[in-house]
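The values are calculated or read from the model by the stated rules, or taken from the named source; none is laboratory data. Note that this is a predicted model, so its numbers are computed, not measured. Here the Cβ is made from the backbone with ideal geometry for all residues, glycine too, and neighbour counts use every protein chain on show.
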Amino acid sequence: MDGGRLIAKVIAKQGVDVVFTLCGGHISPILSGCKAEGIRVVDVRHEVNAVFAADAVARMSGLPGVAAVTAGPGMTNTITAVKNAAMAQSPLVLLGGSAPTVLKGRGALQDIDQMALMRPLCKWTGSIRRIKDIVPKVEEAFLRATEGVPGPVFLECPIDTLYDEALVREWYGAAGGKNPKTLAQKALKQYLHFHLNRIFNGKDRHPEPRRITNADLPRHSQSEVQRVLSALLKAERPVFVLGSQALLQTEQVAALAQALGKLGIPCYLSGMARGLLGAQHPLLMRHKRREALREADLVLLAGVPCDFRLDYGNHLSRARYLSVNRSREDLNKNKRPSIGVLADPGPFLIALAAAAKGPAPAWAGWRAKLAERDQQREQEIDAQATDSGGMGINPLQLFRELNKQLDDRAVLVADGGDFVGTGAYTLHARTPLSWLDPGAFGTLGVGGGFALGAKLVRPDSEVWIIWGDGSSAYSLAEFDTYARHGIPVIGLIGNDACWAQIARDQVEILKDDVAVMLAHTDYDQVAKGYGGDGVRVDNLPAFLQAIEQARASVRNGKPFLINAILAKSDFRKGSISM
């Protein structure tokens with residue numbers, strides 16, 4: 001059994017059923033081994049999208065996502081996605097090929113110091129040096145990806161640890177020469193023989209692969225639950241803010257939703273927590289979060305740091321501030337909580353609800369006030385949706401209509417700036433773990449990979465990529481992947497021929513549109529060229545018809561792209577964050 005097959009056996013033992021990749025000679029045995037072990041291998045058109053896809057699988061399934069890329073530029077192409085996964089706290093295992101162990105640092109093809117590049121980005125990095133170390137190294141990679149605060153790990157897999165021993169010995173024999181004559185040649189051959197023995201000795205004495213399940217997670221105490229409960233019962237205007245970290249244990253999302261319902265506290269949901277309470281839950285608040293946080297007398301952040309999204313804690317200026325987080329750094333970032341609990345926020349909230357008797361009567365008026373404010377904002381958006389901005393579709397009106405049309409199991413992938421930001425106000429995630437956005441890194445280009453991973457986790461759900469026309473070009477080529485592998489997703493491009501989020505302030509402040517203008521490109525034709533289908537629309541009736549065309553295409557296993565020409569909009573004026 002070669003090293004690639006052995007790696008695949010460990011991956012299969014973890015319950016992973018898909019590996020994302022872009023082929024390369026350095027990693028071929030891993031891919032072949034995965035296929036032999038019954039693991040689906042999905043090859044993409046850019047390595048960064050292999051990691052984005054693995055990230056999406058991790059977020060939606062709770063299992064580490066796995067990607068395998070070749071050495072050198074194959075690995076460096078993943079860096080943005082790896083850092084995005086780190087900041088989003090997604091458990092991810094990246095396997096990277098590398099030059100033969102004997103040629104490391106000697107100028108071999110695609111040989112660079114990969115460990116130096118990946119170490120600052122990953123929770124853990126490792127390198128295989130001997131066949132007998134493969135099983136424990138791969139198992140450690142899965143453990144490190146999931147323990148504590150999850151994140152990406154990188155395991156370097158040199159090519160001479162992956163191929164069959166006989167072939168590797170043949171390679172080394174050729175390098176040493178068949179009949180060495182000089183002392184130097186003899187010394188080289190002897191060294192290579194010694195090096196080979198080190199790689200392969202004990203190769204059959206590796207441990208049997210096992211499932212890694214005992215991830216080390218910070219756990220709350222009952223006294224911490226009682227302390228937070230006591231603070232809640234003294235509050236008159238409490239607010240919860242939940243982030244992706246609260247849903248890392250995906251098998252507990254139903255229990256978490258029930259817990260929030262029992263507690264009866266108004267909730268703002270972000271990241272993967274969107275959809276946790278469904279689309280119309282009375283505790284779910286969507287608008288005017290800044291005002292609510294400033295008026296609240298108690299704010300509990302569950303898996304959310306005080307970063308730029310909360311104005312570095314300034315939104316909590318008058319509230320008593322509680323925080324539950326797996327990360328000690330995030331727990332105290334920028335503003336120290338009056339009560340800080342280093343624990344997994346999902347199980348903590350479930351325990352908090354179990355200890356509570358139910359919502360305090362004093363909170364009813366507070367909930368009603370926030371709900372009324374939400375309704376007023378919805379009415380304002382409705383009014384703005386009727387405005388005509390010239391040629392094209394008002395983006396607010398487009399999203400209002402799409403929201404009515406979405407299936408209850410729909411998964412929404414957000415990839416863009418202005419258009420996607422508008423969608424975030426108006427599109428309602430229906431179910432838990434059905435909204436994927438980049439997270440705190442604000443990365444453009446996640447769409448193609450995220451949608452790929454999402455559709456494989458939920459093959460019976462409609463998966464929509466909400467693309468800005470600028471961000472779409474990062475991963476539009478993955479329509480080829482969707483078509484080849486029979487993974488039908490629906491792409492929606494908001495085409496205003498502009499990097500609108502940047503242009504709006506740049507033109508007003510600098511009076512210059514340099515580098516922000518695009519064209520009304522026929523992206524639908526690009527999708528067709530890659531084996532999908534698509535249509536260009538510039539009015540609302542045509543858009544609604546396009547939705548039906550898209551659904552018919554998906555039923556036939558073919559991805560579809562709606563290229564929607566937009567009217568100009570100032571809905572998100574002044575929305576740049578720092």
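Structure notes:
- Under the condition of being hydrophobic (A, V, I, L, M, F, W, C) and at pLDDT 90 or above, the residues counted in region 382-404 number 5.
- Candidate set from region 28-82 (those that are in a loop (DSSP other than H, G, I, E, B) and of a type in the set (Val, Ile, Thr)); member that is nearest to the chain's Cα centre (by Cα): THR78
- Residue in region 203-217 that is free of Cβ contacts under 8 Å to residues at least 12 places away in the same chain and either in contact with a Leu (Cβ under 6 Å, 6 or more places away or on another chain) or closer than 28 Å to HIS315 by Cβ (or both) present: no
- Residue match in region 142-160 (condition: under 25 Å from ALA86 (Cβ atoms), surrounded by 18 or more Cβ atoms within 10 Å (Cβ to Cβ) and free of Cβ contacts under 8 Å to residues at least 24 places away in the same chain): yes
- Candidates LEU277, LEU233, LEU229, filtered to the one that is over 22 Å from SER327 (Cβ atoms), of a type in the set (A, V, I, L, M) and in a loop (DSSP other than H, G, I, E, B): LEU277
- Any hit, region 5-13, residues being touching a Gly at 6+ places or on another chain (Cβ under 6 Å), outside any loop (DSSP other than H, G, I, E, B) and either within 29 Å of ALA246 (Cα to Cα) or without any contact (Cβ under 8 Å) to a residue 12 or more places away in the chain (or both): no
- When residues of region 102-133 are limited to those that are in a helix (DSSP H, G or I) and over 27 Å from the mean Cα position of the chain (by Cα), the one surrounded by the most Cβ atoms within 10 Å (Cβ to Cβ): ILE131
- Residues in region 405-430 that are of a type in the set (Val, Ile, Thr) and at pLDDT below 95: 3 in all.
- Residue in region 230-239 that is at pLDDT 95 or above, in contact with a Pro (Cβ under 9 Å, 6 or more places away or on another chain), hydroxyl-bearing (Ser, Thr, Tyr) and under 17 Å from PRO337 (Cα atoms) present: no
- Failed item in (1) over 22 Å from ILE487 (Cβ atoms); (2) free of Cβ contacts under 8 Å to residues at least 24 places away in the same chain, with ASP17 passing the rest: (1)
- Restricting region 277-304 to residues that are surrounded by 19 or more Cβ atoms within 10 Å (Cβ to Cβ) and without any contact (Cβ under 8 Å) to a residue 40 or more places away in the chain, the residue that is nearest to THR426 (Cα to Cα) is LEU284.
- Those residues of region 334-384 which are touching a residue at least 24 places away in the same chain (Cβ under 8 Å), outside any helix (DSSP H, G or I) and under 22 Å from PRO282 (Cα atoms), in sequence order: ALA356, GLY358, PRO359, ALA360, ALA362
- If the condition is being hydrophobic (A, V, I, L, M, F, W, C) and within 10 Å of the chain's Cα centre (by Cα), then region 436-450 contributes LEU436, VAL446, PHE450.
- SER475 of a type in the set (Ser, Thr, Tyr), crowded, with 21+ Cβ neighbours inside 10 Å and assigned to a loop (DSSP other than H, G, I, E, B): yes
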